[in-house]
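Report on the following structure.
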Amino acid sequence: MGKVLAPNSGNKTINSVKAFWKTVPLADMSDSQWESLCDGCGMCCLNKLEDWDTGEIFFTNIACTLFDGTSCQCKDYENRFDTVPDCVKLQPGKISELPWLPQTCAYRLVQEGKPLPQWHHLITGDRETVHEANVSVRGKTISEDGKTPEDYEDHIIDWIE
């Protein structure tokens, strides 16, 4: 049987953490608030292709060399820009410029004034619920190591909204 998620009550989460994302604009969040907003889905770490004629973005199941497909986290987050200079740094003010962010992305949702999903760890108090809700890329990726740009088209996926 799956985990039962308690509904969000008032301005607090199930684990009694104040729901800062409802009152603090993205640009005013502390570093720890900003980092905690990430739902840990791993979709940001997937390589994407852009159709130069239409501008349409296509996700692939090919993940960054630093992506851990089990934990859905960066293997070297603090030094990621040294290894992957083109790693996209999500930051306030840039969220609306990233149309490829998934519809479920907490940064996008907060930017748009929408509520966090019931599976988000700030609601449930459990970082596993993103995986239990099958919203993450856990177990669905391959590494970019050894791949050439020509390989990417064969790895386009359609299960991210």
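One table, with the values for the structure above:
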quantity	calculated
Meets criteria (touching a Phe, Trp or Tyr at 6+ places or on another chain (Cβ under 8 Å), closer than 22 Å to residue 30 by Cα and of a type in the set (Gly, Ala, Ser)) for residue 106	yes
Helices (runs of 4 or more DSSP H) fully within the stretch 72-124 counting 2 or more residues that are in contact (Cβ under 8 Å) with a residue 12 or more places away in the chain and over 14 Å from the mean Cα position of the chain (by Cα)	80-83, 121-124
Any pair with Cβ under 6 angstrom, 6 or more apart, that starts in the stretch 146-161 at a residue that is within 28 Å of residue 108 (Cα to Cα) and ends at one that is hydroxyl-bearing (Ser, Thr, Tyr)	152/60; 155/60; 156/60
Residues of the stretch 121-140 satisfying the condition of being surrounded by 20 or more Cβ atoms within 10 Å (Cβ to Cβ), within 20 Å of residue 21 (Cβ to Cβ) and hydrophobic (A, V, I, L, M, F, W, C)	122, 123, 130, 135
Single residue of 65, 60 found to be among the hydroxyl-bearing types (Ser, Thr, Tyr), part of a strand (DSSP E or B) and closer than 19 Å to residue 142 by Cβ	60
Candidate set: the stretch 30-88, residues that are at pLDDT 95 or above and on the phi > 0 side of the Ramachandran plot; chosen: the one surrounded by the fewest Cβ atoms within 10 Å (Cβ to Cβ)	40
Inter-residue pairs, beta-carbon under 6 Å, first of a type in the set (Gly, Ala, Ser) and in the stretch 23-46, second in a helix (DSSP H, G or I), 6+ apart	40/130
Qualifying residues in the stretch 125-161 (those that are among the aliphatic types (A, V, I, L, M) and assigned to a loop (DSSP other than H, G, I, E, B)) - the one farthest from residue 66 (Cα to Cα)	133
Residue list for the stretch 69-87, filter: of a type outside the set (D, E, K, R), touching a helix residue (DSSP H, G or I) at 6+ places or on another chain (Cβ under 7 Å) and farther than 24 Å from residue 134 by Cβ	87
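The values are calculated or read from the model by the stated rules, or taken from the named source; none is laboratory data. The structure presented is a predicted model; accordingly, all values stated were derived computationally and were not measured. Positions of Cβ are generated from backbone atoms using ideal geometry, with glycine treated the same way; all protein chains shown enter the neighbour counts.
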